[in-house]
Structures are given as structure tokens and as C-alpha cells.
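Novice: Quick one: the structure is below, questions incoming.
The values are calculated or read from the model by the stated rules, or taken from the named source; none is laboratory data. Keep in mind it's a predicted model, so treat the numbers as computed, not measured. Glycine also receives a Cβ, built like all others from the backbone with ideal geometry; neighbour counts cover every protein chain displayed. To get the accessible areas, we keep the full protein, side chains included, count just its heavy atoms, and leave off ligands, DNA and RNA. Shrake-Rupley method; radii C 1.70, N 1.55, O 1.52, S 1.80 Å.
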Amino acid sequence: MHSDAVTFAVVFAVWLALAVTYATVPMFAMPGYAVVWGWGSLVFLGLAALTALAVRRAKHRRRHMERPHP
Amino acid sequence: MKEHHALIDGLKALPAADQRLLKSCLAAALAALLVGVVFGAATALARGGFVELGPLAGYRAMSTHAVSIFFYWLYFAQAGLLLVFATVFTSHQHGVEWRRAAWLGLALMLAGFAASLYGVASGMPLLYDAPPELGRDPSAALGAAYAGYLLLAAGLFCVAAAGIATTVAPLARGEHDRMPVVSFAACAWAGLLIVSAIAAVNAFLPSALWALGLRGAPAEYATGWHILFHNLHYLPLMATVLVWYVLVEALTGVKSIFGARFSKIVFALYLVFVPPTSLYHMFLEPNLAEGVRVAGSLLSLFISVPTVTVFLVIVASLEVHARAHGAKGLFGWIGMLPWRNPAMSAIGFAVVNLALGGALSFVLIQEKLAGLLSDTFFVPGYFHFLTVGTVTLTFIAALLYVLPALTGRPLWRPEVLRWLPHLATAGLTLFGGAGVAAGYLGVPRRVLEVSYDGAAPAVWTALMSVVGAGGALMTAALLVYLYALLRNLMPVGAAAPAAGEPLPEVRWGEVATGAQRAWTGPLAVVILVGLTVAFTMLAFELMRALPVAAGAGPAH
């Protein structure tokens, strides 16, 4: 997988883990924190997906252009 | 032939519509800085006893200063610089993607600035953290204050979306296999701006609805504010180190010796460390579980890891290249940097001020000290090292490079501008030094007149006079910067030549570095740790000598 996308995916995983912690661990029960870090994790999931899709699209386009035309 | 950097050549090659957009963002930033500086000067002079402001006028001045600087100067500047870095280092031929979204974002931010100023000027000034209990009753002015912040958040969302589109589109077009380092950092920065916009809505929407009489008072305002505030700490610092990264390459030709992949990981560290290090903002909440306090204390130790790592990357890269060019002695390489360039001078002082502000911030976020210091003048004393001495000087350094390239006009008197960081830092040393000492001695924060009719210790008033004098020096430096930058934006006098005398730079990037020593960075980290320990010991010694009992109040 594309390294930039992987980096954003790691950020997503860290934020999601924290959001879940804030939402579920009684000692940390802070719903506000869970909401913001949870939505934030989705932002970085979106960035990871966007980056991966952009690279995939470029590869697809390159393959299409390199294909010999009759 | 003059050798240019990608930053300047890219800015000059941008489509005219993008240049207009960027100039507009940066003009808005300078307008906010001007308002903030003027009201900051009024506040500092009132605190120093040099001018008299009544309680309401004083709080208005303080609120206008803090709102204009902390929310609008720092975020207009970030909006402009984000778009500069996203477009110039990714694909300047195509320019800014989703330009209309960026314009919409700027318009929303300007509307937010106007609403915030109206709210402060016409109603009960809420200070910058705007706790609803300070406003007492719902009113249109309070509604405007909160609406201003929400419009700012909506605007940042739009600008950040345009920034992300600008960094990702060239990947889809096949122009790059991977994002260039600066584009990647800009994309990550834009992501954090979007999260902060979400955090702002989470914090301010319930209060805005309350202020408009549409619901009851929000119950969890403090928590929402702390989350947002944490992001608002990190964003300007992330932007600062990215500006350093870009400008160091522009000024010296030196790229990171650790490679692009490592640089990207370091910038991503900001994102990884933001959420876990946020707990220390809750230390003053009386109901916080003991386990959370312990976890917050441990995690707060990591808060400076990304910034220190970027600092080490930049300093080590510079040092080995300077040594390959013949630098001698432990610090001889520092003297070889192009200090006559005003941008170099500004970021050099920004680094020094970050060390002082960073060391003091580690004193404040210690769980046992947070409650004792958070409501004292320690807080403005230390954070001006960061807001003025580090972030503002760095953003100004960027504008000194970016604006002449956008306008085609040479910089006004670089030989004067290069001395301004000295003046600003001298003012900051007085303001911050006296302010921190005042905080240790119990001088309250957010109180304009501290003599308490002669009941307070005489040293309180004396220290506040030094704070006022320091504020005046900082103001003088910033007003001269503003004059130079605004003059560059406006066609003053006769038509200027397309390029003035080139600013001094060095070119160290083309030479193989071989095996070189680079001890300055690690040594600086040791000094930072030493400063933190020294400031902490000083805090305990001074507070132990106080003849008063101190207790915790609302959070910092």
C-alpha cells in the first residue's frame, strides 16, 4: 500500500483507539473527548482513503495510456 | 545568476487568481495582527500603570487583543501559508484546487472576525476562552461572539479542504508517485485544521444556541474548550516547524539529511501525539479521577517530542552541511548562517524563544504546579515566548519571503528588519521574565490593577511596570514589521522594480557532507531539560517563600 496512505491510516488507528478509550473506559469517561477524537479519526481515515484512491487512479490512467492502441 | 528556491519561483509562477487569493489571506492576517497588537499594547501599558483603563475598557482591550491574535492572526496566517505550501510544493502550474472553496473559507473567516469584534465591543467581553458563565445572560452580543468562532471554524474547514484537494490532486494526475515532504506536511496540517473546526463546533455551538436563547446553558463547556484549546496549541507549532523546514532550505539550500520518508514520519508524529497529550488541560477540574491525573502527567512528557525531533533534524542537517563547508569549533557553524537576512534572524530568535517558552511550559503542565500557577501572571508571562517570540516571528519570517514574491515588490529596508527580532526578544525578555517572576510571587492573571489599594506587596506593582515596558518594546518591533509588510502589499509611491537587492543566503546543499559531527542539537535538548529543571526549582523556592496560601481556580 502507498506509504503516505499508510501513515494517515496509522494516525486514524491511534485516534480511533483513544476515542474508544474515552468512550468506554470508566476512569476516562469523557464523552466530549470521544466525540472530537472519534470524528478526527474519520478525517484521517478519509485522508488515507483519498491518498490511496488518488494513487490508484494515477496507476490506472498510466496503464491505460501505456496500452498499445490498434 | 541569482539562484532561487522552489518557494519563490513557485509563487511567481502561480496563476494570478491564486496570487490574489494568497495576498488576500495574508492581508487579512496582517489586519488581525494590527488590531491585536494595538489592543495588546493598551493592555500591557494599563497593566504597567502607564495608562489608565476602567475595568470594562480594560477587559475589552484584553479580549480584543487575545481574540484577534490567538484566533484570527494565527489562523488567517495559517490559512494563507497552508495554501502557499500546498500549491507551491505540489503543483504550482495547476495552482490551488477548489479555489472557490478557499475564497468562501476566507470570506467566512472575515465574517467571523467582524462578528467576534462586534461581540467584544458591544457586550460583556468574554475574554478569548469565552466561558458562558462570564456572559451571565443570553444576548445578541454574546451570540455574535460565539457565532464569530463558528464562522471561523467553517472558514477553516473550507480552506483546509481546498488545501487537501491541492495536495492530493497531483497524485491522481500522476505528477508525483508520492507527496513531496512539504505537501504531505501541509495535508496533515489541513487534516488537523479540520479536526479543530469540529472541536470548535463541539465547544461553541451549544453556547451560541444558549446565547441566542434557543437552549439552556451548556453543562460541559470547559471540557469542550480544553479539547479545542489543545488543538489550538498544536496547530501553530506544527505550522511553525514546517515554516522552519521550508525557510531553512530556502535560505541555505540544505535539505534534511535523514531523507524525505523520515521527515514525513516526524510531521505525522504531531498527529499521533495530539490526542494522548491533551489530558493535562483537565488538571484543574476538581472531579478528575486520580488515575487520569497520573496518566495525564506521564503523557504530558511527550508533548514536545515532535517539535524537538523536527528541531534536531533541521539543526543536524544544517550543522553537517556547514562543517562540510569548513565550519570550525562547536558553534562556529552558527555564525556562518545568513543572519543579515531578516527571515533568518527571525527564525533564529524564534528557536531561542521556543526553548525558553517550552521550558516554562513544562513547569506549568506539572500536575502539582498547574493549580498553583494557572491563575497567575505566569501564564501570559510564559506563553508570549511562544505566541510572539516563536510563532509570530516565524510567520513573519515566512511573510518576508512570500509577500515580495507575490507582489513583485522588494522588501522595505531589510537592514532594519533584521534587527527587529532582537528588539522583540528584548521586550519579550522583560515582559516574560517579569511576568513569570510575578506569577511565582502570586500576581493574579487577568487583573489590570494589582496594587489592591496598597495591600499587595510593592514588588507586584514594580514587576508589572517592567511587564508594561516589555510590552511597549514588543509593540514597537511588531508595528515596524507591520509597516514593512503592509507597504509591500500596497503599491506605495513609484512603481517598484520587479526585484530588489537579493537578500543574503548561503548555498550549502550541493556538497557531499561525508561523516561530520552534529552535537549542537543534542546539546540544545540537554539545555532545554536543564532550563526546565531550573525553572521548576525556582518555582518551588519562590512559592515556598510566599506568606499566602494558594488554591486552584478555573483552568488555564
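Novice: So what's the net charge close to B:GLY123: Lys and Arg +1, Asp and Glu -1, counting the other residues with Cβ under 12 Å from its Cβ?
Specialist: Local charge sum for B:GLY123: +1.
Novice: Any lysines with Cα under 18 Å of the A:LYS59 Cα? List them, leaving off those in the same chain fewer than 8 positions away.
Specialist: Hits, sequence-local ones excluded: zero.
Novice: Sticking with this one: Work out how much length B:ARG20 to B:ALA289 would gain on full extension: take 0.36 nm times their residue separation and subtract the Cα-Cα distance, in nm to one decimal.
Specialist: Full extension of this stretch gives 91.7 nm more.
Novice: Please give the calculated 222 nm ellipticity per residue for chain A, where each DSSP H segment of at least 4 residues contributes -39500 (n - 2.57) and the sum is spread over every residue; nearest 500 deg cm²/dmol?
Specialist: -30000 deg cm²/dmol
Novice: Over the protein assembly as shown, with the other protein chains present, what is the accessible area per residue in square angstrom, probe 1.4 angstrom?
Specialist: Using a 1.4 Å probe on heavy atoms only, each residue of the protein assembly as shown averages 39 Å².
Novice: Moving to a separate point now. Which percent of the accessible heavy-atom area of the protein assembly as shown goes to carbon and sulfur, probe 1.4 angstrom?
Specialist: C and S fraction of accessible area: 69 percent.
Novice: Could you please state, rounded to a whole Å, how far the C-alpha centre of the range B:345-376 is from the C-alpha centre of chain A?
Specialist: Between the Cα centre of the range B:345-376 and that of chain A, the gap is 33 Å.
Novice: Still on this structure, please answer the following. Out of residues 5 or more away from B:THR376 or on other chains, whose amide H comes under 5 Å of its own, with H placed 1.01 Å from N in the peptide plane?
Specialist: Close amide H contacts, sequence-distant or interchain: B:ARG445.
Novice: Same structure again: Which number do you get for Rg(Cα) / (2.2 N^0.38 Å) in the range B:88-190?
Specialist: 1.43
Novice: Binning at 10 Å from 0, report for the protein assembly as shown what percent of all alpha-carbon pair distances ends up in each bin.
Specialist: 3, 16, 27, 29, 17, 6, 1, 0, 0, 0
Novice: Additional query: Between the range B:158-205 and the range B:296-313, how many Å separate their Cα centres?
Specialist: Cα centroid to Cα centroid, the span is 23 Å.
Novice: Specify the longest stretch of chain B that does not include any exposed loop site, a site being one of the GluC sites (Glu not before Pro) with a non-H, G, I, E, B DSSP assignment and at most 12 other Cβ atoms within 10 Å.
Specialist: Longest run free of exposed loop sites: B:53-509.
Novice: Follow-up. Within the set of other residues whose C-beta is less than 11 Å from the C-beta of B:VAL379, count the net charge using Lys and Arg as +1 and Asp and Glu as -1.
Specialist: Neighbour charge sum, excluding B:VAL379 itself: +1.
Novice: Per DSSP H run of n ≥ 4, the term is -39500 (n - 2.57); total these for chain B, divide by its residue number, and report the mean residue ellipticity at 222 nm rounded to 500 deg cm²/dmol. Working shown, then result.
Specialist: Details: 21 runs with 380 residues, N = 556.
The helix-only estimate for chain B comes to -23000 deg cm²/dmol at 222 nm.
Novice: What is the average number of partner chain Cβ atoms found within 10 Å of a Cβ in A:25-36? Don't jump to the answer; show the numbers that get you there.
Specialist: Numbers: counts 2, 2, 6, 5, 2, 10, 2, 12, 11, 0, 5, 16.
Per-residue shielding by partner chains comes out at 6.
Novice: List the lysines whose Cα lies under 16 Å from the Cα of B:LYS23, skipping any in the same chain that are fewer than 8 positions away.
Specialist: Straight-distance partners of B:LYS23: B:LYS12.
Novice: How much length, in nm to one decimal, is gained on full extension between B:TYR483 and B:ALA13, taken as 0.36 nm per residue of separation minus their Cα-Cα distance?
Specialist: This chain segment gains 166.6 nm when fully extended.
Novice: Also, I was wondering about something else. Can you tell me which lysines have their Cα less than 25 Å from the Cα of B:LYS328? Leave out same-chain residues fewer than eight positions away.
Specialist: Within the straight-line limit of under 25 Å, B:LYS328 reaches these lysines: B:LYS255.
Novice: While we're here: Would you work out which of A:HIS2, A:LEU16, A:LEU47 lies farthest towards the positive end of the dipole of the range A:2-66, given +1 charges on the beta-carbon of Lys and Arg and -1 on that of Asp and Glu, about the Cα centre?
Specialist: Selected residue: A:HIS2.
Novice: Counting Lys and Arg as +1 and Asp and Glu as -1, each charge on the Cβ, what is the dipole of the range B:3-124 about the Cα centre in debye, to the nearest 20? Intermediate values should be presented prior to the final figure.
Specialist: Numbers: 7 positive and 5 negative charges, 48 e Å.
My answer is approximately 240 debye.
Novice: If each of B:ALA169 and A:SER3 carries a label point 7 Å out from its Cα toward its Cβ, how far apart are those two points in nm?
Specialist: 2.6 nm
Novice: So, with +1 on the Cβ of K and R and -1 on the Cβ of D and E, and no other charges, what is the size of the charge dipole of chain B about its Cα centre, to the nearest 20 debye?
Specialist: 900 debye
Novice: Looking at the range B:249-294, which chymotrypsin sites (Phe, Trp or Tyr not before Pro) are in a loop (DSSP not H, G, I, E or B) and have at most 16 other Cβ atoms within 10 Å? Kindly include the intermediate steps, with their values, before the conclusion.
Specialist: On the way: sites: B:PHE258, B:PHE262, B:PHE267, B:TYR270, B:PHE273, B:TYR280, B:PHE283; in loops: B:PHE258, B:PHE283.
Taking the range B:249-294 and a limit of 16 other Cβ atoms within 10 Å, the loop chymotrypsin sites (Phe, Trp or Tyr not before Pro) found are B:PHE258.
Novice: Around B:VAL254, under 13 Å between beta carbons, what's the net of Lys plus Arg minus Asp minus Glu among the other residues?
Specialist: Local charge sum for B:VAL254: -1.
Novice: Give the Rg/Rh ratio for chain B, taking Rg as the radius of gyration of the Cα atoms and Rh as the Kirkwood radius, to two decimals.
Specialist: My calculation of the ratio gives 0.95.
Novice: So how much accessible surface do A and B hide from each other in total, probe 1.4 Å, in square angstrom to the nearest 100?
Specialist: Result for this pair: about 3000 Å² buried.
Novice: Cα centroid distance between the range B:57-127 and the range B:392-410, in Å?
Specialist: 18 Å
Novice: To the nearest 20 debye, what is the magnitude of the charge dipole of the range A:2-66 about its Cα centre, counting +1 on the Cβ of each Lys and Arg and -1 on the Cβ of each Asp and Glu?
Specialist: My answer is approximately 460 debye.
Novice: Please compute the modelled spin-label separation between A:ARG63 and A:ALA49, points set 7 Å along Cα→Cβ, answer in nm with one decimal.
Specialist: Taking the two extended label points, one gets 2.2 nm.
Novice: Quick one: plug the Kirkwood hydrodynamic radius of the range A:2-66 (C-alpha pairs) into Stokes-Einstein at 4 °C, 1.567 mPa s, and report D in µm²/s.
Specialist: 100 µm²/s
Novice: Another question, if that's okay. Could you check the spin-label model distance between B:ILE257 and B:TYR118? Points 7 Å from the Cα along Cα→Cβ, value in nm.
Specialist: Using points 7 Å along Cα→Cβ, the separation is 5.6 nm.
Novice: Work from the charge dipole of the protein assembly as shown (Cβ charges, +1 for Lys and Arg, -1 for Asp and Glu, about the Cα centre) and give the residue of B:LEU448, B:ALA16, A:PRO68 farthest towards its positive end.
Specialist: Comparing the listed Cα positions along the dipole, A:PRO68 ranks first.
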